[in-house]
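As structure tokens, the structure follows; a few thoughts come after it.
Readers should treat all values here as calculations from the given coordinates under stated rules, not as data from a laboratory. No experiment lies behind these values; they were computed from the predicted model shown. Backbone-built Cβ (ideal geometry, glycine too); neighbour counts: all protein chains shown.
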Amino acid sequence: MLSRDEIDALFPADLPEVEYWEQHYPPRELADGAEVTRLGPSPTGFIHIGGIYAAMIDVDRSRRTDGVYVLRIEDTDRAREVEGAIEQFERAFAYFGVSPDEDDVRPGGYGPYAQSARERIYHSYARELMRRGRAYPCFATSEQLQEQTKVQQAQGVPSGYWGKWAMWRDASDDDVREQLAAGTPWVVRFRAPDDAIGSRARFVDEIRGPLEHDANRNDTVILKSSATSPRLPTYHFAHVVDDHLMRITLVIRGEEWISSVPVHLQLFEALELPQVRYAHIAPLMKQIPGGKRKLSKRKDPEASVDFYVGEGFPAPAMLHYLRGLANSRLADMPLERALAEPILLDECGVAGPLVDLAKLRDISGDHIATLTGEQIAAELRTWALRFDESLVAVLDDNRELLLQALAIERDGVDNPRKDLRTWSEFREVYGYFFDELFTPVDGPADERLAPIGLEPDAIRTFAEAFRAAYQPLADSAEWFDQLRAVAAEHGFAGSVKEFKQNRDQFVGSIREASQIVRVALTGSTRSPDLGQVAAVLGADRVLARLDAVVGSRTTA
RNA sequence: GCCCCGUUCGUCUAGUGGCCUAGGACGCUGGCCUUUCACGCCGGUAGCACGGGUUCGAAUCCCGUACGGGGUACCA
């Protein structure tokens, strides 16, 4: 082992001792039971919906216990960094109400909160480990390591840097000095405990209970190689140092980390630091032919938070859905209560759930149905500002019309319609109220009229007659009576039942007649009560749209 | 290869040895309500991965197998 002076010479002379950091980041003064949680995203592109899922649980645990939720940017892999990723995080977290209590824009005394800015801290601890003989420099090249892995695989022994394969673990001081003097690039490796091989690591996971794993035998890298600053730590080392110094109590992270817990435990022990507690959550999955897999950033648009925000799923609906995934107890509650109730770790599922957009849409529709027209107008506008610029102008120019349209079967009704599930659906579901967003049908043969199942001639005839007799009656029942009257005159049965009993005697039933008018006015076979729609539209629009069905032969 | 985590209706799940001829929700679907579209209401559909144990009794406990996910990186 190198002398203390030789080890210290590998680091800047003014590098603080670990005691300095311990005092600089003292234990937090929080009540008993307060949880300090953290999320450590890498700025490698868009934020994954799983990140929001984890953040939501972090926020819940910390707020419930009067603790703190910290956001730490894990940017130790500079090669994968993407420009603007941090701003994107900020926006996504704000949208879902899971902004951190502490990060670089809301410093809390435990920063900096980006790992790339914490280099000196890691170095202090790495040097300390080296002084204690618990870490050492390694000069192996990646070619050497790859070659060794091949040999290990051929021999059927576990691959890795351990036992006799750990070539620099017990190298002579002279060999080390020689490499250092020659300027060979080096990394710092942790010296796994000598008794690790063959022993087991045991720990308790807050979600899964007692877990057991082979103890780590690898001398894992803790400081990566780099000729110039920054010489960054690996995840394992950064996790231990940061989570200790930030005084994190509860680490909630993906289950892919379970296999790494043994090395983390060894690191805490070697540094003589108290352990954090762990909760490993199941990953969000996606259905694929023949099975399911983890939602992939690259392949699945619905893995991205942008997808949900862009589609216009309201944040409360998303949160309700995500909470239900975490604790199924919450899925069955009304939204407001589901958001207020705590997320319990021991109730979290252990198998990765599939993200079910049909279910999300259902929840979203339920939520929007509880909003007032004013609220919908406001939310919709906020969404459109970002994703549908041209819609904003239409909404602003027709505010009264918009509110009237939204009021149909919503205001003062026991069970509002659930026709709007996302903001992006607005154009499709309510667009026909606005001339700017509506394309009138193109004659009786327009394909939008096809689902009714009548001949174009019959459609034209009825539309023409209805148009001729049209009265803009305000009362919805009276309004519909005139439709019934015209329908009866033109051979439509008064009820579906009547029509079914004597098909040959009728052109269709009141249903078909109504649908002709519905498609004429709205372009769709689905819409709220026709009388109310017509009242909001106004007589001029109604007549013009009926004319459009009749077609060029009798343009009004 | 080795190690770890998992596996209840299509999906999310309840279920911790008898309350389970397995409950709820979404989806799909039949009907009712209705002058039209919906909403709502009532009903239906469909599941304990497989094989051995333990037990008077197992979805629940044990063992094995299969399948899925993850780890075995100077990625996180």
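Checking the stated criteria, A:ARG526 turns out to be under 46 Å from the mean Cα position of the chain (by Cα), under 23 Å from A:ALA405 (Cα atoms) and near RNA strand B (Cβ under 10 Å from one of its atoms).
Among the candidates A:PRO274, A:PRO210, A:PRO230, A:PRO262, the residue that is within 14 Å of RNA strand B (Cβ to nearest atom), assigned to a loop (DSSP other than H, G, I, E, B) and not hydrophobic (A, V, I, L, M, F, W, C) is uniquely A:PRO230.
Residue pairs whose Cβ atoms lie under 7 Å apart, sitting 6 or more positions apart in sequence or on different chains, and linking a residue in the stretch A:342-358 that is without any contact (Cβ under 8 Å) to a residue 40 or more places away in the chain and closer than 16 Å to A:LEU330 by Cβ to a partner that is more than 6 Å from RNA strand B (Cβ to nearest atom) and in a helix (DSSP H, G or I), are A:GLU347/A:ARG329. Just so you know, in the stretch A:266-289 the residues that are under 18 Å from the mean Cα position of the chain (by Cα) and either closer than 17 Å to A:ARG131 by Cβ or not basic (Lys, Arg) (or both) include one that is surrounded by the fewest Cβ atoms within 10 Å (Cβ to Cβ), and it is A:GLN287.
With respect to the conditions (1) over 26 Å from A:ASP442 (Cβ atoms); (2) surrounded by 14 or more Cβ atoms within 10 Å (Cβ to Cβ); (3) within 8 Å of RNA strand B (Cβ to nearest atom), A:LEU473 falls short on a single one, namely (3). Of all the criteria given as (1) in a helix (DSSP H, G or I); (2) acidic (Asp, Glu); (3) within 19 Å of A:PRO314 (Cα to Cα), the one not satisfied by A:ASP396 is (3). Those helices (runs of 4 or more DSSP H) of the stretch A:291-353 in which 3 or more residues are aliphatic (A, V, I, L, M) and closer than 19 Å to A:ILE47 by Cα occupy A:315-326.
For the condition assigned to a helix (DSSP H, G or I), closer than 23 Å to A:VAL550 by Cα and touching a residue at least 60 places away in the same chain (Cβ under 8 Å), what is the one hit in A:ALA463, A:ALA458, A:ALA450? Answer to the check: A:ALA463.
Across the stretch A:499-513, the qualifying residues are those that are part of a helix (DSSP H, G or I) and buried (at least 19 other Cβ atoms within 10 Å of the Cβ), and the one among them that is farthest from RNA strand B (Cβ to nearest atom) is A:PHE499. Does the stretch A:160-167 include one or more residues that are surrounded by 19 or more Cβ atoms within 10 Å (Cβ to Cβ), over 40 Å from the mean Cα position of the chain (by Cα) and not in a helix (DSSP H, G or I)? Yes - at least one qualifying residue is present in the stretch A:160-167. State yes or no: is A:LYS292 in contact with a Lys or Arg (Cβ under 7 Å, 6 or more places away or on another chain) and under 22 Å from A:ARG78 (Cβ atoms)? When the stated conditions are applied, A:LYS292 does not pass them. Among the residues of the stretch A:364-378, those identified as under 21 Å from the mean Cα position of the chain (by Cα) and either of a type in the set (A, V, I, L, M, F, W, C) or crowded, with 17+ Cβ neighbours inside 10 Å (or both) are A:SER364, A:GLY365, A:HIS367, A:ILE368.
Sub-8 Å Cβ pairs linking a first residue in the stretch A:497-510 that is within 13 Å of A:PHE462 (Cα to Cα) to a second residue that is polar (S, T, N, Q), at least 6 apart or interchain, are A:SER509/A:SER495; A:ILE510/A:SER495, ordered by first then second residue.
For the stretch A:1-107, the helices (runs of 4 or more DSSP H) that sit wholly inside it and include 1 or more residues that are over 30 Å from the mean Cα position of the chain (by Cα) are A:4-8, A:18-24. With respect to A:TYR308, is the statement that it is crowded, with 20+ Cβ neighbours inside 10 Å and under 30 Å from A:ALA192 (Cβ atoms) true? Answer is no for this residue.
Screening A:PRO444, A:PRO440 for residues that are outside any helix (DSSP H, G or I) and within 25 Å of A:ILE408 (Cα to Cα) leaves exactly one candidate, A:PRO440.
From the list A:ILE258, A:ILE248, the one residue that fits, being farther than 25 Å from A:MET167 by Cα and out of contact with any helix residue (DSSP H, G or I) (no Cβ under 9 Å at 6 or more places or on another chain), is A:ILE258. Residues of the stretch A:226-265 that are surrounded by fewer than 20 Cβ atoms within 10 Å (Cβ to Cβ), within 25 Å of A:LEU10 (Cα to Cα) and small (Gly, Ala, Ser): A:SER226, A:ALA227, A:SER229. Considering every residue within the stretch A:13-30, establish whether at least one is among the charged types (D, E, K, R), under 22 Å from A:ASP242 (Cβ atoms) and surrounded by 22 or more Cβ atoms within 10 Å (Cβ to Cβ). Scanning the stretch A:13-30 turns up no residue that is among the charged types (D, E, K, R), under 22 Å from A:ASP242 (Cβ atoms) and surrounded by 22 or more Cβ atoms within 10 Å (Cβ to Cβ). Within the stretch A:322-341, residues that are in contact (Cβ under 8 Å) with a residue 40 or more places away in the chain reach partners that are near RNA strand B (Cβ under 8 Å from one of its atoms) and not basic (Lys, Arg) with beta carbons closer than 7 Å, at six or more positions or on different chains, in the pairs A:LEU325/A:PRO353.
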